[in-house]
Amino acid sequence: MTTRTHIRTRTRARILEAARRELGRDPDCTLADIATAAGVARRTVYVHFTGRAALVDGLTADAAEAVRRASEATRTPSPDAATALARFVLTLWPAADRYRVLVNLARQDLGAHRADEVLAPARTAVTGILAQGQRQGVFHTTVPPGPLGRALEAYLLSLLETANANTWTDDAPTAATTALIAVGVDTDLATTTVHRLHGTGPIHSPL
């Protein structure tokens, strides 16, 4: 990578980081606000992004890659579905928390199709885990894995929305524990499963 290319890459990353922060603070902030936060001229933002839509799409692409990496990191099969689901949420949560601004932007800027693309790897992973857990008798069986996974997704996204609204302090162990309970795991087992995973060391983010 040449020096010029390296500088462009770093500048682009700085703009995206500023966009993530500023859009999280105010979804209606302007490109000028983002440029100021990034420490660049507004015209520099336009060198990298043609407008707000392109900037949000760049942020979305980064989020999609983070979700993909988190899903890949938890692909190794686990004989225990409750452990597998807890590990998945604990691993994914740092990425979900980092890009939770997109939850607020989803309806306005992304559209259902783009949101589906971002979440597809996670949905596939969770559906497989839920199917395994239903076969093992540890998850609810009244709803098929696909719809149950969508319900769980909606629940976790709602937690991110409350974090955006500052009505809940997002916490990966809490999210993982309540995810297990939501799909039918006994409260004590959910708590001990997450504690066993999270208490033995840090959960490494795939970012």
If you place +1 on the Cβ of every Lys and Arg, -1 on the Cβ of every Asp and Glu, and leave all else neutral, what size is the dipole of the chain about its Cα centre, to the nearest 20 Debye? 820
Backbone HN-Hα couplings from phi across segment 186-194 [Karplus 6.51/-1.76/1.60, Hz, Gly and Pro as x]: 4, 4, 5, 5, 4, 5, 5, 5, 5
Percent accessible area from carbon and sulfur atoms, the chain, protein chains only, probe 1.4 Å: 55
Over all alpha-carbon pairs in segment 1-105, figure out the percentage whose distance exceeds 22 Å. 42
Accessible area of Ile129, 1.4 Å probe, to the nearest 10 Å²? 20
Name the most mobile residue of Thr191, Thr177, Thr91, meaning the one with the largest mean-square fluctuation, in a Gaussian network model of the chain with Cα contacts below 10 Å. Thr191
Farthest positive-ward along the chain dipole, Cα basis, beta-carbon charges - from Cys29, Val185, Leu160: Cys29
Starting from the Cα of Thr36, step 7 Å toward the Cβ, then list every residue of segment 47-74 with an amide N under 18 Å from that point. 52
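Give me the tail of P(r) for segment 106-207 as a percent: Cα-Cα pairs with distance above 21 Å.
Counting every Cα pair in segment 106-207, those more than 21 Å apart make up 43 percent.
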Cα-based Rg / Dmax (Å) for the chain: 18.7, 58
Suppose only helical runs count, i.e. DSSP H with n ≥ 4. What mean residue ellipticity at 222 nm does that imply for the chain under -39500 (n - 2.57) per run, divided by all residues and rounded to the nearest 500 deg cm²/dmol? -24000 deg cm²/dmol
Got a number for the accessible area of Glu65? Probe 1.4 Å, square angstrom, nearest 10. 60
Cα point-scatterer Debye curve for segment 29-82, base-10 log of I(q)/I(0) at q = 0.22, 0.23 Å⁻¹: -0.83, -0.87
Segment 162-193 scanned against label point 7 Å out from Asn104 along Cα→C-beta; backbone N under 15 Å for 162-170
Sequence of Leu197, Leu157 when ordered by accessible area, the most exposed leading, probe 1.4 angstrom: Leu157, Leu197
When the Cα centres of segment 144-193 and segment 76-120 are compared, how far apart do they sit, in Å? 11
If I take the Cα coordinates of segment 60-125 and project them onto the principal axes, what are the three extents in Å, biggest first? 41, 19, 17
Per-residue HN-Hα couplings for segment 57-73, Karplus 6.51 cos²θ - 1.76 cosθ + 1.60 at θ = phi - 60°, whole Hz, x for Gly and Pro? 5, x, 5, 5, 4, 5, 5, 4, 5, 5, 5, 4, 5, 5, 5, 5, 5
In degrees, nearest ten, helix 112-136 long axis to first principal axis of the chain (Cα): 20
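The values are calculated or read from the model by the stated rules, or taken from the named source; none is laboratory data. Computed from a prediction, not measured in an experiment: that's the story for all the values here. Here Cβ is always computed from backbone atoms with ideal geometry, including for glycine, and neighbour counts include all displayed protein chains. We work out accessible area using only protein heavy atoms, side chains counted, and drop any ligands, DNA or RNA first. Shrake-Rupley method; radii C 1.70, N 1.55, O 1.52, S 1.80 Å.
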